[in-house]
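Worksheet: the structure to be examined is printed underneath.
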2 protein chains.
Amino acid sequence: MTFSNQRLNNAIKKLTGLPGIGPRQATRLAYFLARQDNQRTLELSQSISQLTSASICSNCFFIHENDFGPDGLCEICSDPARQSNLIAIIEKETDLISLEKTNQFNGHYLILGDLKKNGILEDEQRRRIEHLKKNINQNLNSQAQEIILAINPTSFGDFSASLLSKELAPFATKITRLGRGIPTGGEIEFADEDTLSAALQNRN
Amino acid sequence: MTFSNQRLNNAIKKLTGLPGIGPRQATRLAYFLARQDNQRTLELSQSISQLTSASICSNCFFIHENDFGPDGLCEICSDPARQSNLIAIIEKETDLISLEKTNQFNGHYLILGDLKKNGILEDEQRRRIEHLKKNINQNLNSQAQEIILAINPTSFGDFSASLLSKELAPFATKITRLGRGIPTGGEIEFADEDTLSAALQNRN
């Protein structure tokens, strides 16, 4: 039996392919939303439609709601107390939030979006890197103090980082990546060889 | 730094707690939806709000859009070709869809919703079981031919099934559960003891 469930199927189709949501979870979600209290489903729908009014920072490309900042800048980029010649290149907004939570970083960001595994930048990513170069040339006297490639330390991430590192070398005094080692709370016994090697090299 | 991202935080709050979505994925989703093409985000929002018009079958409690059926019945319950004295009790709509895909079941369903691990039925689940009993008494001459407890073969599922089995014993000639054994494509070597024991008992 096929069901003539046009609205359910439409919602399943729209939910499938969102980050981390496959067809099975999309189906579960759609039935859950159809089943639960209508008011709550409408509130979800509304909260999603309101996201379309969020802005994207013209400098770091962070999604934000700082509607009153100059030139569409986010709170970080429009904060004069932050160091503009220290720039962390990250993939996702959630990475920015994680880094901000440490309270250890007082620079600016550049959000690139998820990097492809083949190391090739998409058009939009290319545009953002060019924006960064232009920004460094115009506002930082052609040289940032440091660019941190805060990209995941996976083999694909390492590959992308090495390409970016070469490309951006002329634009920063120093190009770094996040330190590697045993995570806090982790056990030496269970650390893989690469992590342990890195922990040895980074001992302090 | 805390962000004054009221709309993003609102969406994150509403997304968190949906089936299979934790706070981290909710954050990723909200930023993704804020970032992507506005039209697509609005389409998702709309497809979700339209789910509120789905109906719930007054007999089996399946979510459906069969708006023209008699008495708010779903397509399965209003299909005279289906056997009404063979009833599968299931937890989720997606279980129904999976069973329908086999084309091996021509009976009716009763959707209970996710069972609690302590085996105690929630008020709504209790109401549905009472509805089933009343239906059997009124329309099936007090005795269904068979009730299949199509509940997951986990230890919690087994517990709930044994309680339901006792309660429903007077209402069906036969109470069964789905067969257990090695899944198609599975390997004997990797089957756990319980599965292998069941496979031995169910050999054919």
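The values are calculated or read from the model by the stated rules, or taken from the named source; none is laboratory data. Being a predicted model, the structure only gives us computed values, none of them experimental. Heads up, the Cβs are rebuilt from the backbone with ideal geometry, glycines too, and the neighbour counts pull from every protein chain shown.
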> Out of curiosity, is B:ILE151 out of contact with any helix residue (DSSP H, G or I) (no Cβ under 6 Å at 6 or more places or on another chain), among the β-branched types (Val, Ile, Thr), surrounded by 12 or more Cβ atoms within 10 Å (Cβ to Cβ) and within 29 Å of A:ASP37 (Cβ to Cβ)?
Replying inline: no
> Can you tell which of B:LEU115, B:LEU121, B:LEU168 is surrounded by 14 or more Cβ atoms within 10 Å (Cβ to Cβ), assigned to a helix (DSSP H, G or I) and among the hydrophobic types (A, V, I, L, M, F, W, C)?
Replying inline: B:LEU168
> Which of the residues spanning segment B:33-51 are closer than 12 Å to A:LEU15 by Cβ, facing chain A (nearest Cβ under 7 Å) and of a type in the set (D, E, K, R)?
Replying inline: B:GLU43
>> Every residue in segment A:54-106 that is touching a helix residue (DSSP H, G or I) at 6+ places or on another chain (Cβ under 7 Å), crowded, with 18+ Cβ neighbours inside 10 Å, not in a loop (DSSP other than H, G, I, E, B) and not assigned by TED's automatic domain parsing to the domain that holds A:LEU132, please.
In response: A:ILE63
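Which residue out of A:ALA54, A:ALA81, A:ALA30 is touching a residue at least 12 places away in the same chain (Cβ under 8 Å), more than 15 Å from A:ASN135 (Cβ to Cβ) and at the interface with chain B (Cβ under 7 Å from one of its Cβ atoms)?
Unique residue meeting the criteria: A:ALA30.
Tell me the residue from A:ALA34, A:ALA81, A:ALA30, A:ALA88 that is within 19 Å of the chain's Cα centre (by Cα) and among the aliphatic types (A, V, I, L, M), please. Explain how you work it out, then say what you get.
Values: A:ALA34 fails: within 19 Å of the chain's Cα centre (by Cα); A:ALA81 fails: within 19 Å of the chain's Cα centre (by Cα); A:ALA30 fails: within 19 Å of the chain's Cα centre (by Cα).
Answer to the selection: A:ALA88.
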> Taking B:ASN10 and the conditions (1) more than 7 Å from chain A (Cβ to nearest Cβ); (2) more than 18 Å from A:LYS14 (Cβ to Cβ); (3) among the polar types (S, T, N, Q), which numbered condition does it fall short on, given that it satisfies the others?
Replying inline: (1)
> What number goes with the only condition from (1) within 14 Å of chain B (Cβ to nearest Cβ); (2) at pLDDT 95 or above that A:LEU110 does not pass?
Replying inline: (1)
> What is the residue count in segment B:60-84 for residues that are modelled with pLDDT of 90 or more, more than 18 Å from A:LEU8 (Cβ to Cβ) and not charged (D, E, K, R)?
Replying inline: 4
